[in-house]
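The values are calculated or read from the model by the stated rules, or taken from the named source; none is laboratory data. Bear in mind that the values here come from a model prediction, so they are computed numbers and not experimental data. For neighbour counting, all protein chains shown are included, and Cβ atoms are generated from backbone atoms with ideal geometry for every residue, glycine included. What goes into the accessible areas is simple: the full protein's heavy atoms, side chains included, and nothing from ligands, DNA or RNA. Shrake-Rupley method; radii C 1.70, N 1.55, O 1.52, S 1.80 Å.
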Amino acid sequence: SCDGTQLCNCSSMGLTFVPPGLTGKITTLNLSHNRIKRIRSQDLQQAVNLRALLLQSNQISSIDEDSFHSLGKLELLDLANNSLAHLSPAWFAQLFMLQHLCLQGNTYRDLGGSSLFSSLRNLSSLHVGNPQFSTVRQGDFEGIHLLDKLWIDGVSLHQYQPGSLKSIMTINHMIIKLRNTTVFSAIVRDLLHSVSWLEAREIALDIPAEIQLLRVMSSSSAAKISLKQALLTDATVPQIVSILEDMPKLVELEMTNCKLSGTGQWEIKIQANQSQTLRVLTIDKLSIEQFYLFTDLKAVEGLVSLLNRVTVTNTKVFLVPCRLSQLLLSLEYLDLSANLLGDQSLEHSACQGGWPSVQTLNLSQNSLSNLKMTGRSLSHLRKLLNLDISQNNFGEIPDVCEWPKSLKYLNLSSTLIPKATTCIPATLEVLDVSANNLREFGLQLPFLKELYLAKNHLKTLPGAAPIPNLVALYIRRNKLSGFSKEEIESFKKLELLDASSNNFICSCDFLSFLHHQAGLAQVLVGWPDEYACDSPLAVRGEPVAAVHLSIMECHRSLVVSLICVLVFLVILILVAIGYKYHAVWYLRMTWAWLQAKRKPKRAPPKDVCYDAFVSYSENDSDWVENIMVRELEQACPPFRLCLHKRDFVPGKWIVDNIIDSIEKSHKTLFVLSEHFVQSEWCKYELDFSHFRLFDENNDAAILVLLEPIQSKTIPKRFCKLRKIMNTKTYLEWPSSEEQQDM
């Protein structure tokens, strides 16, 4: 469970004891959220270089006294939320370097009978107490002189010996959780001059008689007071205010998750001198059940003129009285976010003369709905620099608005505005219009340095010309498909661009631009982890930096063109080869052969009407027609011959005429000559004889050699002609007339 830095995380592993085998290399050991019940002497003996030991949220009820003696370098020890019923000073005797010790959430009722922390000279923060913790005695904190934070969980604390905390000279932040006002008063008395920030939790300040016990606080030199989950009433508020106003060094008052029972009808008018030091007031989540009946706060009008920072949030404020606003003369920062201010109530709250020095105003998460009216209500605030009116439901935005001329920062995020108009002041240096319904942005803002456009519907970067001084652009989670080098370079002063989480189309140009811009990584926020492709589909979700498209994907048009050219060339070559080697002829003959194959091999006897079909070249027609045909047809008995000139059926396909004539003839008579082997149709006729007659191994073919033919002149495809001429007897027409008669 250990990493390279020797941090061993064994949290939530169901361990019931400290695992063996711990070595001196370990610096951090996390054993929290297990079921360990006991820490033994030998468990941590070898972990001599341990700096942090986390044992919180176990079931530890027993620790051997020398369990931590070897941990001389330990700086953090967390034993919170265990079952320790007693604490022993021997545990901490050798922990001279310990800075942070947490003992909260156990079952002990006191800190033991002796000085528990006397050896912890370097202790910086200490957390003690639990719901059963009831007693603090003198000497419990002996040896501690300086603490950054002291946290005492004492909801049941009812016995406190005065002087118990007096030995601590300085405490930067004191957190005490208790309900007993008497004990709280005694603790404050001990810490009058040692605590800088006093934080009280769950204290009940609802009984006027008990508030007098806190009068000692008026002598405290604390600079900050925090009340959390405190209970106040109309009867006790005047006394508390009087005590706080008298504190000589109080600068900041903070109230969080407190409850005020009443409506401001304070029984005794606040009689207090205005604090000359109090400058910061923070109220968050103050619960007032009948807030709608609350008074106009006239009782505190004389106490607010020196405040320069006021925060009142999540408190259902629906109005600030005009008179009170006018008396906040020194106020520079006002936060009224997450309240119920509407357009009319804001106009009254920010009346003429109200908030005269305000520079920062936060009105986010209220009930404002009219942007033009909001601008007009605030236009008289001459010193206003920063305005946050985000998360209000404006919906529409006018073309013209009135704003303070000093305004530099405007937050209009999450206000449902559909477009950016000239209502937005041209004086701005920072504009936030994130999370709206913007589809474009083209405002002329010559002084703008930062522009926030996240979570809109923009498909392109805004133009650079209207915002020439832009330094930072945030446009994440829009619908950007990409951006180019020219678009980025058009922003002359751009130092930071956040365009992550968009619908990037990972085109080749876009990828090439991102991969080859070394300086771009310094400009892009979230690069490269938060930049992913949305398309093409094959790389959707892949980081842009890891995507490298193929040549086909990058230059699709060029590749398709090249493929087309190559296919054309291949076809051209095939045509040339086919022409040279008579491929077309073979194809045509194959088709004719297939047609012929469908017919019966022999025609019925009744269909045979010729003695012979004569196949010859037209160049030999004179000899055929005047000599051979005449002799045969005038013989006794005469032969009936089929001649293409005379007997082919007009309008019928030539190939069919040839096939039919061969089938209807007893013989096929070929008149061979040089012209014959060069004739296209003679080739067909000879081939059909191959298919139909020679395959039957009969003597239906008669060859008459009209003139000598050299073998090399016979085409190779006439292989059967060569074979017949070499194996069978054929007639040869002689040149002498005597032999011709024979």
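Being open to solvent by 20 Å² or more (accessible area, probe 1.4 Å), within 17 Å of Leu192 (Cβ to Cβ) and not polar (S, T, N, Q) is the filter here, so list the residues in the stretch 217-243 that pass it.
Matches in the stretch 217-243: Ala223, Lys224.
One line per residue, one yes/no per condition, for (1) open to solvent by less than 60 Å² (accessible area, probe 1.4 Å); (2) in a strand (DSSP E or B):
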| residue | (1), (2) |
| --- | --- |
| Ala435 | yes, no |
| Arg439 | no, no |
| Leu445 | yes, no |
| His457 | yes, no |
| Gly463 | yes, no |
| Leu473 | yes, yes |
| Asn478 | yes, no |
| Gly482 | yes, no |
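I'm told Leu178 meets every condition in (1) surrounded by fewer than 21 Cβ atoms within 10 Å (Cβ to Cβ); (2) modelled with pLDDT under 95 except one. Can you identify the failing condition by its number?
The single condition Leu178 does not satisfy is (1).
What residue, among those in the stretch 327-346 that are of a type in the set (A, V, I, L, M, F, W, C) and within 34 Å of the chain's Cα centre (by Cα), is farthest from Thr374 (Cα to Cα)?
Only one residue fits best here, namely Ala338.
Among Lys683, Lys645, which is the only one that is closer than 19 Å to Glu618 by Cα, at pLDDT 85 or above and either part of a helix (DSSP H, G or I) or among the small types (Gly, Ala, Ser) (or both)?
Lys645
Among the residues of the stretch 99-109, are any free of Cβ contacts under 8 Å to residues at least 60 places away in the same chain, in contact with a Ser or Thr (Cβ under 9 Å, 6 or more places away or on another chain), in a loop (DSSP other than H, G, I, E, B) and over 21 Å from Leu157 (Cβ atoms)?
yes
Condition first: crowded, with 17+ Cβ neighbours inside 10 Å and of a type in the set (Gly, Ala, Ser). Now tell me which residues in the stretch 295-333 satisfy that.
Hits for the stretch 295-333 are Ala299, Ser325.
Inside the stretch 304-324, can you point out the residues that are hydroxyl-bearing (Ser, Thr, Tyr) and part of a strand (DSSP E or B)?
Result: Thr311, Thr313.
Taking into account only those residues within the stretch 181-211 that are open to solvent by 60 Å² or more (accessible area, probe 1.4 Å) and either touching a Lys or Arg at 6+ places or on another chain (Cβ under 9 Å) or not β-branched (Val, Ile, Thr) (or both), which is farthest from Val128 (Cα to Cα)?
By that ranking, first place goes to Ala209.
Can you tell me which of Asp148, Asp66 is charged (D, E, K, R) and under 25 Å from Arg189 (Cα atoms)?
Asp148
Is one or more of the residues making up the stretch 314-335 touching a residue at least 40 places away in the same chain (Cβ under 8 Å), closer than 18 Å to Leu227 by Cβ and out of contact with any Leu (no Cβ under 7 Å at 6 or more places or on another chain)?
The answer is no; no qualifying residue exists.
Working only within the stretch 714-742, note down all residues that are modelled with pLDDT of 70 or more, open to solvent by 40 Å² or more (accessible area, probe 1.4 Å) and part of a helix (DSSP H, G or I).
Arg722, Lys723, Asn726, Thr727, Glu737, Glu738, Gln739, Gln740, Asp741
Across the stretch 666-680, which residue is farthest from Met725 (Cα to Cα) among those that are open to solvent by less than 10 Å² (accessible area, probe 1.4 Å) and among the polar types (S, T, N, Q)?
Going through the qualifying residues, I end up with Thr668.
Given the structure, is Ser32 at pLDDT 95 or above, more than 18 Å from His127 (Cβ to Cβ) and out of contact with any helix residue (DSSP H, G or I) (no Cβ under 8 Å at 6 or more places or on another chain)?
In short, no.
Would you confirm whether any residue within the stretch 259-279 is touching a Lys or Arg at 6+ places or on another chain (Cβ under 8 Å) and assigned to a strand (DSSP E or B)?
No, the stretch 259-279 contains no residue that is touching a Lys or Arg at 6+ places or on another chain (Cβ under 8 Å) and assigned to a strand (DSSP E or B).
Please return the ranges of strands (runs of 3 or more DSSP E) entirely within the stretch 135-235 where 3 or more residues are in the same structural domain as Ala85 (by the TED database) and hydrophobic (A, V, I, L, M, F, W, C).
146-153
Filtering the stretch 105-120 down to residues that are under 49 Å from the mean Cα position of the chain (by Cα) and within 20 Å of Lys149 (Cα to Cα), which residue is surrounded by the fewest Cβ atoms within 10 Å (Cβ to Cβ)?
Among residues in the stretch 105-120 that are under 49 Å from the mean Cα position of the chain (by Cα) and within 20 Å of Lys149 (Cα to Cα), the one surrounded by the fewest Cβ atoms within 10 Å (Cβ to Cβ) is Gly105.
Which one is nearest to the chain's Cα centre (by Cα) among residues in the stretch 246-272 that are modelled with pLDDT of 90 or more, of a type outside the set (A, V, I, L, M) and open to solvent by less than 30 Å² (accessible area, probe 1.4 Å)?
Top of the filtered list is Thr256.
Sort out which residues of the stretch 1-37 are exposed (fewer than 14 other Cβ atoms within 10 Å of the Cβ), of a type in the set (Ser, Thr, Tyr) and closer than 26 Å to Ala90 by Cβ, and write them in order of number.
The answer is Thr16, Thr23.
Looking at (1) in contact with a strand residue (DSSP E or B) (Cβ under 8 Å, 6 or more places away or on another chain); (2) closer than 21 Å to Pro208 by Cβ; (3) in a loop (DSSP other than H, G, I, E, B); (4) open to solvent by less than 30 Å² (accessible area, probe 1.4 Å), find the lone condition where Glu289 falls short.
The failed condition is (4).
Across the stretch 402-426, what is the number of residues that are open to solvent by less than 30 Å² (accessible area, probe 1.4 Å) and either under 20 Å from Cys351 (Cβ atoms) or touching a Gly at 6+ places or on another chain (Cβ under 9 Å) (or both)?
Here the count works out to 9.
In the stretch 38-54, is there at least one residue being open to solvent by less than 10 Å² (accessible area, probe 1.4 Å), more than 43 Å from the chain's Cα centre (by Cα) and among the small types (Gly, Ala, Ser)?
No, there is no match, as no residue in the stretch 38-54 is open to solvent by less than 10 Å² (accessible area, probe 1.4 Å), more than 43 Å from the chain's Cα centre (by Cα) and among the small types (Gly, Ala, Ser).
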